[in-house]
Amino acid sequence: MTEQGKRRLRSQDWWDNPLEPDMTALYLERYLNFGLTRAELQSGRPIIGIAQTGSDLAPCNRHFLDLASRIRDGIRDAGGIPIEFPVHPIQETGKRPTANLDRNLQYLSLVEILYGYPIDGVVLTTGCDKTTPALLMGAATVDIPAIVLSGGPMLNGYHKGEYAGSGTVVWHARQLMAKGEIDYDEFMDMVCDSAPSVGHCNTMGTASSMNAMAEALGMSLPGCAAIPAPYRERGQMAYATGKRIVEMVWEDLRPSKIMTRKAFENAIFAAAAIGASTNCPPHLVAIARHMGVELDVKDWEMGYDIPLLVDMQPAGKYLGEDYYRAGGLPAVVRELMEKGRFHEDALTVTGKTYGENIRAMRIEVDRRVIRPYDDPLKPEAGFLIISGNIFDSAVMKTSVITDQFRQRYLEHPDHPGIFEGRAIVFEGPEDYHERIDDPSLEIDENCFLFIRNCGPVGYPGAPEVVNMRPPAALIKKGIKALPCIGDGRQSGTSESPSILNASPESAVGGNLAILKTNDRVRFDLHKRRLDVLIPEDELRARQEELKRNPPKIPPSQTPWQEIYRSLVGQLATGACLEPAVMHLRIVEKHGSPRRNH
C-alpha cells in the first residue's frame, strides 16, 4: 500500500501522541495487561476491531466465536492488530417482545464503540436478521473503513426425507396441526429438524436476504453471503476478510464511498431476483438514512419487474446449501448485469467495481436453483408499495404469491387484479390467537385478516405477526392463505403474500385504527391501493372519534422500550431513532472524541 507508514491513523491519537504524554500513558498501559506490547500499539499499524455478535444468547451467530480466530489471522498477516469486542446480542427467535427492538440498540452500541475507542477499521460479523442492518447502520454513521463477514446459513434441514427449511417449516407445521394431522411432539420434531448445524436460517428468510443485501451493496467480499456456516470456505472467507480490512484502512475506503445511491438500487434489484424478505425495505431505508443517501420506500418498486431467479424457500423449493452450490449471489448478479439491471460501476470493498469483481470470478451455475433471466420462476418478483385510505404505504411481497392465491384473489374474470371482501380485525397477536377459530366471526375465503397495534410504537418494535393462518376450518378445505394486512412485520421465511409494514401505524393515529370488523375492503393490484369502502363523511367521523379516543397501547415494560417508543419513526422510514439520523459521518465531522481525563 503506497500510503502505509505515511498517514497517521486515528488510533495513534490514543496510543502514540507525544504532545499529550499523560493521556497517552493512561490509554496505553491498561491495554498491555493481557499481553499486547507497547511496541505493537505504537507501531503505527492499523487497529482493527472485530464486532463480535456471537454468544450463547445468539446461536445463529455463535460460530463467530470460532471464526474470529481466522479473522485475526488475516488481520495479523496483513500487518494489522485485531481487537475483538462484543456488541449487544440479537437473536430473532429468542428475544421477546421482538428482536427488532434491539436492532437500534445494537446500532447505538456499535456507534459508541467505533467512535469512542482507538479503532481504525472494523469487521462486522453479521448473521441473524437484525445484526446485518444494525452493524451497517453503525458503520455508516461513524464512517471508518468497514467490511461485512456473513456467518452463513445452516446446512439443509430434512424431515422424513423432505426439505425442512428454517421458519418456513413452522408455518407449514402449524397448518398441519390445525388440521389435526400432527400433534405437539410431532410439531416440535418437524421444526427442530430444520436446524442441523451452526448458522442462520437456511431459507431465503431475513437473515439470508439481508446478508445478500450486504453483498449487493458492495460491503462484503464477492460470494461471501451464501457460504454455509460449517463449510471450510467460510473460514477461508473470514481470513480473506481480515486481510482485506487492513488494506482498506490504508486506502481509506469507507462506507460512504461504497454505499451510494447506485449501491442501494443494486440491492433493490438483487432483492427481487432472489425473492428476498419483506424486512429488506425498512432495513435498507434505515441504512440509507444513516449513510445520508435518499431512499424512499416507494423506490422499491423500481425492482418490481425483475423476475424471480432463485428457486429457494419460501418462494421456491431449495435451501441454502443448494443456493450456494448453484452460484450464490454472484450468479444472480451476473444474470442481472447481462440484462442491464445492475450498476456495474458501483464500488465495492475490494476497491474494484462490481462489474470487475463478477467478471473476474469463475461462476458455475446450477440452473435448477438459479434460473436464467429469460426463463424465471416468476416474471415479476419485486415488492409492491401499496397505499390507500387505510395507510400511506405498506409493502407486498409478490414472489410468494402462489397460483392458488392468485387465482382466488387476483384473477376474477370480471375484475382481474381486484378483490373485494369483508374485514376481520384483530387488536394484536393475542386477540388473533384467541379468536381466529371463533365460528361467530364467520370467516370465509372472501375475508381480509387485519392485525393492528403491532407497529414500532404500538407493540413496541413491530413484531413479525402479520402472516396469520386462516381458521382451521378453512385449512381443512384446502385454503392455505387469506389476504393479511397489518402495521407489524412478518418473518422473511413466510410464504404469505401479506400487505404489511403499514405506515403510519394505528398507535400513532393511522387509519388502520378506525377500521372495523365487517367493513368492506377493496384491493386493486393495478392501482396499488387498498381502501375501506365507507362514505367520506363516515371516514371523517371515525377519524374525529379517534382523535378524542386514541388507541390504548400497552405500557412499556423496560426502560429501553420507553426510550425506543419516544424516539422511533415508522417502518416506511426505516423505524430509525429519529435524532440519530442527524448524526452522519461523525469521525469526518468531529475528529477524535474529547479526552476522558
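The values are calculated or read from the model by the stated rules, or taken from the named source; none is laboratory data. Everything numeric here is computed off the predicted structure, so don't read it as measured data. For neighbour counting, all protein chains shown are included, and Cβ atoms are generated from backbone atoms with ideal geometry for every residue, glycine included. Side chains included, ligands, DNA and RNA excluded: accessible areas come from the protein's heavy atoms. Shrake-Rupley method; radii C 1.70, N 1.55, O 1.52, S 1.80 Å.
Short to long, the 10 Å bins of the Cα pair-distance histogram for segment 362-419 hold 18, 36, 30, 13, 4, 0 percent of all pairs.
Ordering 415, 405, 23 by the projection of their Cα atoms onto the charge dipole of the chain, which places +1 on the Cβ of Lys and Arg and -1 on the Cβ of Asp and Glu, puts 23 at the extreme positive end. Once the C-beta distance of residue 433 and residue 73 is scaled by a Förster radius of 60 Å, the resulting FRET efficiency is 0.75 to the nearest 0.05.
A Cβ-based charge dipole, computed about the Cα centre of the chain with Lys and Arg at +1 and Asp and Glu at -1, lands at about 1000 debye. Where both bridge residues fall in segment 304-441, DSSP classifies roughly 90% of the beta bridges as antiparallel. Between the helical axis of 261-274 and the dominant principal axis of the chain, each derived from Cα atoms, what acute angle in degrees is found, rounded to the nearest 10? Once rounded, the angle reads 50 degrees. Spin-label model, residue 317 to residue 479: label points 7 Å out along the Cα-to-beta-carbon direction sit 3.0 nm apart.
Can you bin segment 410-475 into rounded, prolate or oblate? Criterion: square roots of the alpha carbon gyration tensor eigenvalues sorted a ≥ b ≥ c, rounded for a/c under 1.5, prolate for a/b above b/c, oblate for the rest. Since a/c reaches 1.5 but b/c is at least a/b, the shape of segment 410-475 is classed as oblate. Work from the charge dipole of segment 490-597 (Cβ charges, +1 for Lys and Arg, -1 for Asp and Glu, about the Cα centre) and give the residue of 576, 499, 541 farthest towards its positive end. Farthest towards the positive pole: 576. Does anyone have the angle between helix 206-216 and the longest principal axis of the chain? Alpha-carbon axes, 0 to 90°, nearest 10? The angle comes out near 50 degrees. Could you work out how far the C-alpha centroid of segment 202-243 sits from that of segment 532-597, in angstrom? After rounding, the separation between the Cα centres reads 32 Å.
Ranking 515, 37, 51 by how far each Cα lies toward the positive end of the dipole of the chain (charges on Cβ) leaves 37 at the top. The sum of -39500 (n - 2.57) across all DSSP H runs of n ≥ 4, divided by the residue count of the chain, sets its helix-only mean residue ellipticity at 222 nm to -10500 deg cm²/dmol.
Only bridges whose two residues both fall in the chain count here: according to DSSP, what percent of them are antiparallel, nearest 5?
On the way: 23 of 52 bridges.
About 45 percent, rounded to the nearest 5.
Quick check for you: with a 1.4 Å probe and neighbouring chains kept, what is the accessible area per residue of the chain, in Å²? If you can, show how the numbers build up before the last one.
On the way: 23410 Å² over 597 residues.
In whole numbers, the chain has 39 Å² accessible per residue.
Could you tell me which of rounded, prolate or oblate describes segment 221-268, using a ≥ b ≥ c as the square roots of the eigenvalues of the alpha-carbon gyration tensor, with rounded for a/c under 1.5 and, failing that, prolate when a/b is larger than b/c and oblate otherwise? Cα axes put segment 221-268 in the oblate bin.
If only the Cβ of Lys and Arg carry +1 and only the Cβ of Asp and Glu carry -1, the dipole of segment 389-463 around its Cα centre is close to 340 debye.
Compared with the dominant principal axis of the Cα atoms in the chain, helix 328-338 is inclined by about 80°.
Expressed in nm to one decimal, what extension gain is obtained for the pair residue 594 and residue 407 from 0.36 nm per residue of sequence separation less their Cα-Cα distance?
On the way: separation 187, 0.36 × 187 = 67.32 nm, distance 6.33 nm.
Length gained between residue 594 and residue 407: 61.0 nm.
Counted over segment 329-392 with a bin width of 5 Å, the fraction of Cα pairs per bin, in whole percents, is 4, 14, 21, 18, 13, 11, 8, 6, 4, 1, 0. By its C-alpha gyration tensor, with a ≥ b ≥ c as the square roots of the eigenvalues, how is segment 65-111 shaped: rounded for a/c under 1.5, else prolate for a/b larger than b/c, else oblate? The shape class here is prolate. For segment 314-381, with all protein chains in place and a probe radius of 1.4 Å, 43% of the accessible heavy-atom surface sits on carbon or sulfur.
Applying a 4.7 Å cutoff between beta carbons, the unpaired cysteines of the chain are 192, 201, 224, 280, 447, 454, 484, 576.
With a 10 Å radius around each residue's Cβ, average the other Cβ atoms per peptide and rank 463-476, 498-511, highest first.
On the way: 463-476: 21.4, 498-511: 25.0.
Averaged packing, sorted descending, gives the order 498-511, 463-476.
Divide the volume of the convex hull around the Cα atoms of segment 249-366 by the residue count and you get 116 Å³ per residue.
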